[in-house]
Amino acid sequence: MTSSVPAAPPVTLIIFGATGDLTRRLLTPALINMTRAGLVGSDFHVLGVSIEPGDAEMLRSHLEDFVPEKGGEGATKRGAAWKQLRGRIDYLQGDFTQDTLYEDLAKRIDAAPSDNVAFYLATQPTFFGPIVDKLADHKLLDETPGAFRRVAIEKPFGTDLASAQALNKRILARAGEQQFYRIDHFLGKETVQNIMTARFANMMLESVWNSNYIDHVEITAAETVGVGTRGKFYDTTGALRDMVPNHLFQLLAMVAIEPPNSFDAEAIRNEKGKVLKALRHWTPDEARENGVRGAYTAGSLDGAKVDAYSKTPDVAADSKTETFVALKFFVDSWRWAGVPFYLRTGKVMAVRDTEIVITFREVPFAQFANTDIDRKPPPNRLIIQVQPDEGLKMEISIKRPGLAVDTAPVSLDFQYASMFDIATLTGYESLLYDLFVGDQTLFQRADGIEAGWAAVQPFLDLWAKEGKPDAYAPGSMGPDSADALLARDGRQWHTLTLLADEGKAKPPVAKAVAAKTATPSKKPKSAKKGTK
Ligand code: BG6
């Protein structure tokens, strides 16, 4: 985010669920960052809405708990920005299902300095439909020239294909698609947005970006956190619904889309929609073959005791909900014919790491047949490190120095932190800014959401009927069945290691080369586990 970007137009942000965790943990810090960067100014106002009794001061102090008071320069600056923002936060208490709330809202909107309103639904998903209905009943979604009315809807959008279709139908009966901003916070991440730029700004990459050169793609979102206090939500959701049709499919779509005609929102969303619609829908038997699920057992992680998932507060003792999934998909398009996309995500795993690994085809061995080399050089890999330690890494083979002809694998690394300051951003800054300026590029359209659910529906149906998750230990890389999924295809998962720690594991030659090419500025992290 730079200050060369113009400030958003005047707007009132009305947050439903203003006393909830999301507002405190993510929206407020993002708004502070935006205030600091001049992306919202004195004509920006927040009106929090929630059932809890209280006034503006109650909400302000509630949100303030999350704003650091002391600290380095950054924190002090944040303090100043918070002071500016704080004075522009107001509160309205009310029940989301009652007309009186919307009558009060209408009065507040009438009295607001700007006619532009962005409603943000940071509530339980069961309220999404009812709130949109009430807003429409009270004519609060009616736009006029110079007065926009937009609705940002948090995930999860539906719990399966049928419910997502029903929710889309319900809200689209009340306002136009151009008024809805379905959030997937992964799209706010700088590295996720960079996937498209890296592809389309580099001929070198785009020209080999197809099944002629790419062998397979892996997308991993490994987390070390457990379910914690989210048992009630998580036990009815599970890893598949929580992460795959939204976050992981957005990453997949960024990797797989055709070049859009422009970077215009609709052009990009059209292309993304095509990819998601091209995901192969497995039959029940195929789904059994191509998906595994797991749930963590009791154990320890980084020296701390971890209870089994089934012992989490608000989780059924006989729960069959998965905390890990590994899935295989195909994108049935000309470009991706025959290239498997392997996806995995889980809680309480060995390392926090979200990455995309593009593995290229092996070179023919013929040229090396009469040399000392008795094995093919490893295939080239491009690793897009989404988080943490955001960066890009390209693995190539070079000649190992010496008289014999031999190859050595080396990597060309780029780490964002070595050149740019993205560490303080939450990812919500770009989403909120785009909501205020009316750019839907980073938001999901109805057809994309439904296509995502359609592709995971075979797994949801199968798992509702049979079996239970395989056990995996905290601090592992998931159940053995996840390894078996790739082993059946003669492949194995990329070993997860943070880029900042990679130098330590490299053979001497590679290390020397890496030292010349990489300029990491971050301190090495303590989490650095690799495989099981
Ligand atoms: C959320 C999921 O959408 O994304 C969480 O509900 C998950 O379960 C989180 O932990 C991961 O997001 P991030 O940005 O922390 O990688």
On full extension of the chain, what length is gained from residue 200 through residue 488, given 0.36 nm per residue of separation minus the C-alpha to C-alpha distance?
100.3 nm
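Set the Förster distance to 41 Å, then compute FRET efficiency between residue 61 and residue 236 from the Cβ-Cβ distance, nearest 0.05. Don't jump to the answer; show the numbers that get you there.
Working: r = 33 Å, r/R0 = 0.80.
Approximately 0.80, to the nearest 0.05.
Find the accessible area per residue for the chain; the probe is 1.4 Å, ligands and nucleic acids are left out, and the unit is Å². Please list the in-between numbers first.
Details: 23080 Å² over 532 residues.
Per-residue accessible area for the chain comes out at 43 Å².
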If the chain between residue 124 and residue 399 were fully extended at 0.36 nm per residue, the gain over the current Cα-Cα distance would be 93.3 nm
Quick check: Cα centre of the range 117-149 to Cα centre of the range 393-463, how many Å?
32
Evaluate the distance, in nm, between pseudo-label points positioned 7 Å from the Cα of residue 138 and of residue 258 along their respective Cα→Cβ axes.
4.5
So which aspartates and glutamates can residue 189 reach, going by Cα to Cα under 12 Å and dropping same-chain residues fewer than 8 places off?
390, 429
Largest-first principal axis extents, alpha carbons of the range 172-260, Å
47, 39, 22
Which one of 262, 247, 284 has its Cα pushed farthest toward the positive end of the charge dipole of the range 187-517, where Lys and Arg give +1 and Asp and Glu give -1 at the Cβ?
284
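Between residue 480 and residue 422, what's the calculated FRET efficiency when r is the beta-carbon distance and R0 is 35 Å? Round to 0.05. Working shown, then result.
Details: r = 36 Å, r/R0 = 1.04.
Approximately 0.45, to the nearest 0.05.
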Cα-Cα over 27 Å, subset of 232/274; 169/311; 107/232; 134/169
232/274; 169/311; 107/232
Based on DSSP H runs of at least 4 residues, each adding -39500 (n - 2.57), what is the mean residue ellipticity at 222 nm of the chain after dividing by all its residues, to the nearest 500 deg cm²/dmol?
-9500 deg cm²/dmol
DSSP-defined antiparallel bridges as percent of all bridges, the chain, nearest 5
55
Distance in nm between pseudo-label sites at residue 332 and residue 110 (7 Å out along the Cβ direction from Cα)
5.6
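The values are calculated or read from the model by the stated rules, or taken from the named source; none is laboratory data. Given the structure is predicted, the values throughout are model-derived calculations rather than measurements. All Cβ positions, even for glycine, are placed from backbone atoms using ideal geometry, and neighbour counts span all protein chains on display. These accessible areas exclude ligands, DNA and RNA; they are computed on the full protein's heavy atoms, side chains included. Shrake-Rupley method; radii C 1.70, N 1.55, O 1.52, S 1.80 Å.
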